[in-house]
Amino acid sequence: MAMSSTAMVARRALTAASQGGHEGGARTWKILSFVLALPGVAVCMANVYLKMQAHSHDTPEFVSYPHLRIRTKPWPWSDGNHSLFHNTHTNALPTGYEGPHH
């Protein structure tokens with residue numbers, strides 16, 4: 001069974017189009033990465049830096065709300081009153097902040 005010349009030309013065109021489509025997609029994603037993604041990351045980094053500069057590093061005033069820092073049983077590490085990733089500057093105990101603060 002012989003293919004007609006028109007069918008062979010159509011088949012070659014479809015094969016060439018399907019193979020060439022992948023290269024264009026990779027090029028498109030590469031361009032999008034450099035034009036959108038990298039500047040987007042740079043803008044996010046600048047935003048974080050500016051917010052960090054404007055942020056106050058003072059410890060907030062301690063308010064003993066009854067529904068916060070409830071301990072029904074001690075933590076299984078340390079003295080039982082400090083969380084696993086306790087930070088004396090930002091994490092208060094039920095009685096208030098530790099160390100010299102306001």
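Note: the stretch 36-102, Cα convex hull, 157 Å³ per residue.
Derived scalar couplings between HN and Hα for the stretch 58-70 equal 7, 6, x, 5, 7, 10, 8, 6, x, 8, 9, 6, 7 Hz in order, rounded to whole Hz, by the Karplus curve 6.51 cos²θ - 1.76 cosθ + 1.60 (θ = phi - 60°), x for Gly and Pro. Taking amide H as placed 1.01 Å from N in the peptide plane, Leu93 has its amide H under 5 Å from the amide H of Glu98, each at least 5 places away in sequence or on another chain. Rounded to the nearest 0.05, the FRET efficiency derived from the C-beta distance between His67 and Ala46 at R0 = 30 Å is 0.20.
Identify the trypsin sites (Lys or Arg not before Pro) of the stretch 36-102 meeting these criteria: DSSP loop state and at most 15 other C-beta atoms within 10 Å of the C-beta.
Arg69, Arg71
The numbers here are math on the coordinates, done by the rules we state, and not lab data. If you're wondering where the values come from, they're calculated on a predicted model, not measured in any experiment. All Cβ positions, glycine included, derive from the backbone under ideal geometry; neighbour counts span all protein chains shown.
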